[in-house]
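What follows is a short report on a single structure.
The values are calculated or read from the model by the stated rules, or taken from the named source; none is laboratory data. Source: prediction; values computed, not measured. Cβ coordinates were reconstructed from backbone atoms using ideal geometry, including for glycine residues, and neighbour counts include every protein chain displayed. Note: areas computed on protein heavy atoms with side chains; ligands, DNA, RNA excluded. Shrake-Rupley method; radii C 1.70, N 1.55, O 1.52, S 1.80 Å.
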Amino acid sequence: MTHPLIDQLTLEEKASLVSGATFWTTRAVERVGLEAATLTDGPHGVRMQTAGADQLGINDSHPATAFPTAAALGSTWDAELLEEIGRALGAESRRLNVDVLLGPGVNIKRSPLCGRNFEYFSEDPLIAGTLATAWVKGVQSQGVGASLKHYAANNQETDRMRISAEVDERTLREIYFPAFETTVKQAQPATLMCSYNRINGTYASQNHWLLTDVLRGDWGFEGYVMSDWGAVADPVAAVAAGLDLEMPSSGERGPKAIVQAVQAGTLDETVLDKAVSRILTTHDRLRAARSETGFEPQAHHELARRAAAAGSVLLKNQDGLLPLSPEEGGRIAVIGEFALTPRYQGAGSSHLNPTRLDDALTAIQAATSREVVFEAGFRLEDTDQEDADVLLAAAVEAAGEAEVVIAFLGLPDAEESEGFDRTHLALPASQLQLLQALRQTGTKIVVVLSNGSVVTLGEVNDAAAAVLEMWLGGQAGGSAAADILFGVTEPEGRLAETVPHRLQDTPAFVNWPGNEGKVVYGERVYVGYRWYDTTGQDVAYPFGHGLGYTTFSYSDATVTVADPTVAAAVVEVTVTNTGQRAGAEVVQVYVADPVSGVDRPQHELRAFAKVRLAAGDSQRVRLELDERAFAFWSSQGSSPGWRVEPGEFVVEIGASSRDLRHTESITLDVAVPPVELGAESTYEEWATHPQGQKVLQEFFDGLGEAGSLWRDPETAKLLGNMPMRSLLSFSGTTDIQGTISGLLERVAQAG
Ligand code: BGC
């Protein structure tokens, strides 16, 4: 739809509108009353820079609530909560006059090494898409636009501005696209941010297939696409591909090139008009959706605290060590600099200036009447041996005299950030050394982790009776940790990413981070648990895992297929809280396709629901599986697309990808996906094709005795892989092309 102002704008004005005005604003055209819009990071809080801050200005921003990072929010598996956070972010954006908040990040965690994994939800696209949809709806309910990023295949920081992700279409469609697709279809984000990288050689910002054919053609995206900051190499090629806004400002470089291209006839002016219209229409819509809104910093802080607990994952809790009693018991030794100096957010463009910051030590002291002592144990920055020895000795002494140690360990800022990837998965050596020494004291240890992406936990599991993963939990992460440690709240999170034993076990290990400008996605669709579960590898903690302070049982599970000719099913199960406390459970439904025309993962998460139940209470949970839950992307033939093959599917209901409580086989009697026959199709493809089979039979019958060989089942098996052209040459046919054309004609007539 053309925006009504298009006709009033000059070519120069239109060209100027598809390039930013400053680092954070779009251009205005005062002559026709067009206002500029303000775009700002995102995604875990509003990073609105103060006047005069440097352009990259990582630190100089107005105070805003630092919500838990996406790593923690992903682990909540809680769409309602994400929508609530979205609304809060929208309200804070409004207060600071922000029109578009740059988030959420929905890239898939292809490798735990990605420096920016803290900004992404999961290794699984269903979780990422479901949570992003809720987040976007929440933000946009306040008349503020979201910017779904980074589209697409931006899964590493190494060479992120140039690298070409070499990835096949099926893998894109099944793993790297669905979170974008779902969010676009279900929430219509106002904007979408393209990634820096290339995909199969073409920059995302100049990729017509990506920005136009798939995004708008297949998914119906109605908003506008902006570039990641500095991602446009060729402004004319970008507009032609479907990019609407280059950010930040490129001065006059972009607009000038676009004017020249239109004048030279190399860029169609209607394409430029469309880009401008999309930007203006989107901004109009956002402004029209606004109503009065306000925000209470304290209420948002409390929401951040609740969310941090909802995303924290209790990995291990031997003998019910947690929760600790706030009143009874001896001295508690809190060890680890992170208890005092929280690591609660990631470094880079999402870095915020929080409205307040809770440290765990203060929160623990406030939560208990027990004696609490503190020792730093290690420094967050490098130090000399003497200093390290003194810190360690003091920590060991405190631990020896305590009834329980709470050790706050994790990754310091310098180890993970936007802009670079990690090179290993271990916790810093100084912390592991400390842990060993603490273990020697014999005092029971609880480890609380702060990290934006998984770390290997071998030594931690050996030393600690309880392990609580807090991720980068936002400004209230410290008080949320205390809430959980003393049982004020439940650790409600479940792993949205697998914790492997070793880096070598991870799916992208041999293809990371690429060579000579290319990174090959050789593991294809086998990302995260799809890889570990298909290869049957042992892992430290499986996808979906997380303990609470209560227990749940699953009963009366049913999987109903209303009409087997339609690929859909309804899963129902009764979940009962069998413990003594209220708690939350995440019911997970996986689907497997044991016999398939293409290789498929062992099973894939296709539905989930978070239920909160009081002790003793039950709830019947109902989850729907649609066609996509059974489908794979087929790139074969002239019309690639989603295919469901008839036959058996296994539906699994469980509490993690490896804790399956109920498994049921169903049979779908859907139509066999049509196979396009041709000279290159094999004998087997012809013989299993509904019309091909008949035509082939007639053909061999017509050959008389010579044809009988082909009808012999043993021979058919032997020759199954033979393309029709060579099969015919073996059968003595001379006019192979002509014969195949004749057969194909008959197939067409029979169909
Ligand atoms: C990041 C984006 C961010 C933008 C603006 C880029 O470097 O990749 O996620 O929104 O900067 O700060």
In segment 220-305, the GluC sites (Glu not before Pro) that sit in a DSSP loop and have at most 16 other Cβ atoms within 10 Å of their own Cβ are 222, 292
Nearest 10 degrees is fine. How inclined is helix 297-311 to the longest principal axis of the chain, computing both from alpha carbons? 60
Relative contact order, percent, segment 6-288 [alpha-carbon distance under 8 Å, six or more residues apart]: 19
What is the percent carbon and sulfur in the accessible area of segment 519-671, measuring with a 1.4 Å probe over the protein chains and ignoring ligands? 48
As I understand it, the dipole of the chain uses +1 on the Cβ of Lys and Arg and -1 on the Cβ of Asp and Glu, about the Cα centre. Which of 263, 715, 364 lies farthest toward its positive end? 263
Per residue, how large is the accessible surface of the chain? Use a 1.4 angstrom probe and give square angstrom. 38
Cα gyration tensor shape for segment 312-418, rounded if a/c is under 1.5, else prolate or oblate: oblate
Given charges at beta-carbon only (K, R positive; D, E negative), |dipole| of segment 6-288 in Debye: 200
Under the classification rounded if a/c is under 1.5, otherwise prolate if a/b is larger than b/c and oblate if not, where does segment 444-597 fall, given a ≥ b ≥ c as square roots of the Cα gyration tensor eigenvalues? oblate
Within segment 390-420, DSSP-loop GluC sites (Glu not before Pro) with at most 15 other C-beta atoms within 10 Å are 401, 403
Sum -39500 (n - 2.57) across every DSSP H segment of at least 4 residues in the chain, then divide by the residue count to get the 222 nm mean residue ellipticity, nearest 500. -9000 deg cm²/dmol
Please compute the Kirkwood hydrodynamic radius over segment 683-750, one decimal place, Å, based on all pairs of different Cα atoms. 12.0
Cα extents of segment 552-668 along the principal axes, largest first, in whole Å, come to 58, 25, 19
If you fit an axis through the alpha-carbon atoms of helix 253-264 and take the longest principal axis of the Cα set of the chain, what angle between them do you get, 0 to 90°, nearest 10? 20
How about segment 126-178: which trypsin sites (Lys or Arg not before Pro) there are in a DSSP loop, with at most 15 other Cβ atoms within 10 Å of their Cβ? 162
Between residue 8 and residue 97, what's the calculated FRET efficiency when r is the beta-carbon distance and R0 is 30 Å? Round to 0.05. 0.70
With axes computed from alpha carbons, what is the tilt in degrees of helix 736-750 against the longest principal axis of the chain, rounded to the nearest 10 within 0 to 90? 80
Work from the charge dipole of the chain (Cβ charges, +1 for Lys and Arg, -1 for Asp and Glu, about the Cα centre) and give the residue of 601, 330, 43 farthest towards its positive end. 43
Rounded to a whole number, what % of the accessible area of segment 376-435 do carbon and sulfur atoms account for, probe 1.4 Å? 51
Over segment 6-288, with every protein chain in place, what whole percent of the accessible area is carbon and sulfur at 1.4 Å, could you tell me? 48
Rounded if a/c under 1.5, otherwise prolate or oblate - the chain, Cα gyration tensor axes: oblate
Using the structure shown, select from 137/518; 109/137; 256/518; 149/518; 518/717 the pairs with a Cα to Cα distance greater than 29 angstrom. 137/518; 256/518; 518/717
Give me a comma-separated list of calculated 3J(HN,Hα) values for segment 38-51, in order, Karplus coefficients 6.51, -1.76, 1.60 applied at θ = phi - 60°, integers in Hz, x for any Gly or Pro. 10, 10, 8, 6, x, x, 8, x, 9, 9, 8, 5, 6, 4
Jot down the radius of gyration and Dmax of segment 309-535, Cα atoms only, both in angstrom. 18.1, 61
